[in-house]
1. Please work out if Leu196 is out of contact with any Cys (no Cβ under 9 Å at 6 or more places or on another chain), open to solvent by 50 Å² or more (accessible area, probe 1.4 Å) and over 21 Å from Pro37 (Cβ atoms).
2. Return the pairs, sorted by first residue and then second, in which the second residue is modelled with pLDDT under 75 and exposed (fewer than 15 other Cβ atoms within 10 Å of the Cβ), the first residue lies in the stretch 7-28 and is part of a loop (DSSP other than H, G, I, E, B), the beta carbons are less than 9 Å apart, and the residues are 6+ apart or on different chains.
3. Every residue in the stretch 81-106 that is open to solvent by less than 70 Å² (accessible area, probe 1.4 Å), under 19 Å from Glu15 (Cβ atoms) and modelled with pLDDT under 85, please.
4. Anything in the stretch 36-65 that is more than 21 Å from Arg4 (Cα to Cα) and more than 15 Å from the chain's Cα centre (by Cα)? List them, or say none.
5. Pull out all pairs, ordered by first then second residue, where Cβ-Cβ is under 6 Å, the residues are six or more apart or on different chains, the first lies in the stretch 159-177 and is under 13 Å from Leu148 (Cα atoms) and modelled with pLDDT of 80 or more, and the second is open to solvent by less than 60 Å² (accessible area, probe 1.4 Å) and assigned to a helix (DSSP H, G or I).
Amino acid sequence: MSLRRHLKRLLRETERDSRDAVPVDIDLSYTTEVPWPSLRKFAQFAYLAEQYGYRYDGLDPDLRESGTPFFVFRRLPDEPERAARMRERFPDATEGGRLPGMRSWPVPVLTLPEARREVRLLHARIAVDYYGAIRRQPLRPVLIGIPLVVLLALLVNGELYAAGLRVGAGTVAALLLVLGASRIFMRRRIAAYRRLLSE
């Protein structure tokens, strides 16, 4: 999903709330999972959402047990004014025009220098939340599942003899090493992002 299309979805929800005459003092939010493989792109979206009146607020506490991290954007008190100002300054933002704080060409969308620090901090917050949610997921099913899947593959292919079992054991060991290395990498990245946020 493109950055513009996701922004359009957020604005559509905002317009629906306006049509329903929902008072600004009611706590409204927009919840989404990360629709891109890149958390940096999601940080750009968080920056854009804030320009239009919705601030990134971390993981959705109601969906913590869903297995997929969902993120909440809360409506700011001045959301109608922000949205109106952005629509006036960037009338065709969702239709291929300029986006607030972003370079004007459509692909790839690059952050302008004046917005880079804010996008970087948003990226660090999102990454800490995202990796924290991933880290909380239980490892036991994976640790049991990998050997079972490899054993099943050996069984289906008729490779249950010494050489096949050695290859299977090597595959399981390699996958578990990759899993362990990814957890260590994740921990280090979280520590680096926390240092950035504490500066």
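The values are calculated or read from the model by the stated rules, or taken from the named source; none is laboratory data. These numbers were taken from a predicted model, which means no experiment stands behind them. Glycine gets a Cβ as well: all are built from the backbone with ideal geometry, and neighbour counts include every protein chain shown. Only protein heavy atoms, including side chains, enter the accessible area calculation; ligands, DNA and RNA are left aside. Shrake-Rupley method; radii C 1.70, N 1.55, O 1.52, S 1.80 Å.
1. It is false that Leu196 is out of contact with any Cys (no Cβ under 9 Å at 6 or more places or on another chain), open to solvent by 50 Å² or more (accessible area, probe 1.4 Å) and over 21 Å from Pro37 (Cβ atoms).
2. If the second residue must be modelled with pLDDT under 75 and exposed (fewer than 15 other Cβ atoms within 10 Å of the Cβ), the pairs left are Val22/Arg16; Leu28/Val22.
3. Ala93, Thr94, Gly97
4. Once the filter is applied, which keeps residues that are more than 21 Å from Arg4 (Cα to Cα) and more than 15 Å from the chain's Cα centre (by Cα), the stretch 36-65 yields Pro61, Asp62, Glu65.
5. Gly168/Val150; Gly168/Leu154; Thr171/Val150; Val172/Ile146; Val172/Pro147; Val172/Val150; Leu175/Ile146
Conditions (1) open to solvent by less than 40 Å² (accessible area, probe 1.4 Å); (2) within 30 Å of Leu196 (Cβ to Cβ), marked per residue:
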position: Tyr131; (1), (2): no, yes
position: Arg136; (1), (2): no, yes
position: Ile146; (1), (2): yes, no
position: Val150; (1), (2): yes, no
position: Leu160; (1), (2): no, no
position: Thr171; (1), (2): no, no
